[in-house]
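No lab work stands behind these numbers, since they all come straight from the coordinates. If you're wondering where the values come from, they're calculated on a predicted model, not measured in any experiment. Please note: Cβ atoms are built from the backbone with ideal geometry, for glycine as well, and neighbour counts cover all protein chains shown.
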Amino acid sequence: MKTTSSLAVTRRSLLRAQALFGILLTVSAVAPRTAHAARSPLIHGRAAWQARSPRGTVRLSSGRPRRLIIHHTATGNTSDGSLARAYSLARAIQSHHMDTFGWIDTGQHFTVSRGAFILEGRDGSLDSLDSAQGMVIGSHCYGQNTVSIGIETEGTYTHVAPPEEQYEALVGLCTRLCRQYGLPASEIYGHRDFNATLCPGDALYASLPQLRYDVDERLIDPELSETRHVALADVSEETWEGLVPFMPPLEFVRR
């Protein structure tokens, strides 16, 4: 009897150990995915970065976009990845497009900062994305503005690729856009695919096949990270007062 009892205890202990081992394997398998989802970027609306009102009426297209077009801002590869810097960049781009180019508003639909913050660009871009009903007509790529979504990636990527966190934010944004508008990842292009320009830089352009692959992976697996929309960030007045004016040179095709 003692031998039988000992064997029973040993068997129960073994089964418990196997169950625990299985749980650990499951946790280790899902942990990276959970961590990845936790890093899913937010989209900061225009009110958050205090955008100016458009100079005229922003036109809407009744049809959905056919593709996404990736740009780089051709500005310095700053080490400042703060939210304040991202908001300053968004205002600087808008001022540059409106005051230098004479456009009615920011040209692109979205911007991804070096700090991996995603910001709404042209007025109405987020509303169009959320409803998936038509799209705002931008001013970012000559000949493609009525059929494409423009994404600015902060930095100059002629010789170096974007930082990992910024790249991951770009993947998340493209995933949301493709899912919402029913676009395949194969419809992600670079600015130079349509216009005579160096944009989005040799290094970032060379990364586009990987970007398409990574977006496609997330479209196939809905558990992988996707961007979320926040309409207005909670930023104090003191934060705004501390922002330094910033006006970088930007690379765009003048229309």
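General remarks:
- From most to least packed by mean Cβ count within 10 Å, the peptides 171-182, 107-118 give 107-118, 171-182.
- A Förster radius of 30 Å, combined with the Cβ-Cβ distance separating TYR142 from SER186, puts the computed FRET efficiency at roughly 0.85.
- Taking amide H positions as modeled 1.01 Å from N, with prolines and chain starts lacking one, the residues under 5 Å from TYR189 and 5 or more places away or on another chain are LEU68, ILE69, ILE70.
- A cut-off of 5 Å between modelled amide H atoms, ignoring neighbours fewer than 5 places along the same chain, links GLN50 with no other residue.
- Residue-by-residue Karplus 3J(HN,Hα) for region 68-76, coefficients 6.51, -1.76, 1.60, Hz, glycine and proline x: 10, 10, 9, 10, 10, 7, 6, 10, x
- Annotation: amide H-H contacts under 5 Å for THR153 (H modelled 1.01 Å from N, sequence separation of 5 or more, or interchain): HIS71, HIS72, THR73, VAL112.
- Where labels lie 7 Å past Cα in the beta-carbon direction, separation of PHE194 and ALA132 in nm: 2.2
- Summary of the geometry: region 189-209 and region 43-89, compared by the centres of their Cα atoms, lie 19 Å apart.
- Full-extension gain in nm, GLU164 to LEU208, via 0.36 nm per residue minus C-alpha separation: 14.4 nm
- Gyration tensor (alpha-carbon) shape descriptor, region 104-222, a/c threshold 1.5: rounded
- Taking a point 7 Å out from the Cα of ASN77 in the direction of its Cβ, the residues of region 144-187 whose backbone N falls within less than 16 Å of it are 153-168.
- Derived scalar couplings ³J(HN,Hα) [region 197-207; Karplus, 6.51 cos²θ - 1.76 cosθ + 1.60; whole Hz; x for Gly, Pro]: 8, 7, 4, x, x, 4, 5, 5, 4, 5, 8
- Estimated vicinal HN-Hα couplings, Hz - region 126-135 in sequence order (Karplus 6.51, -1.76, 1.60; Gly, Pro = x): 6, 4, 5, 5, 5, 8, 6, 10, x, 7
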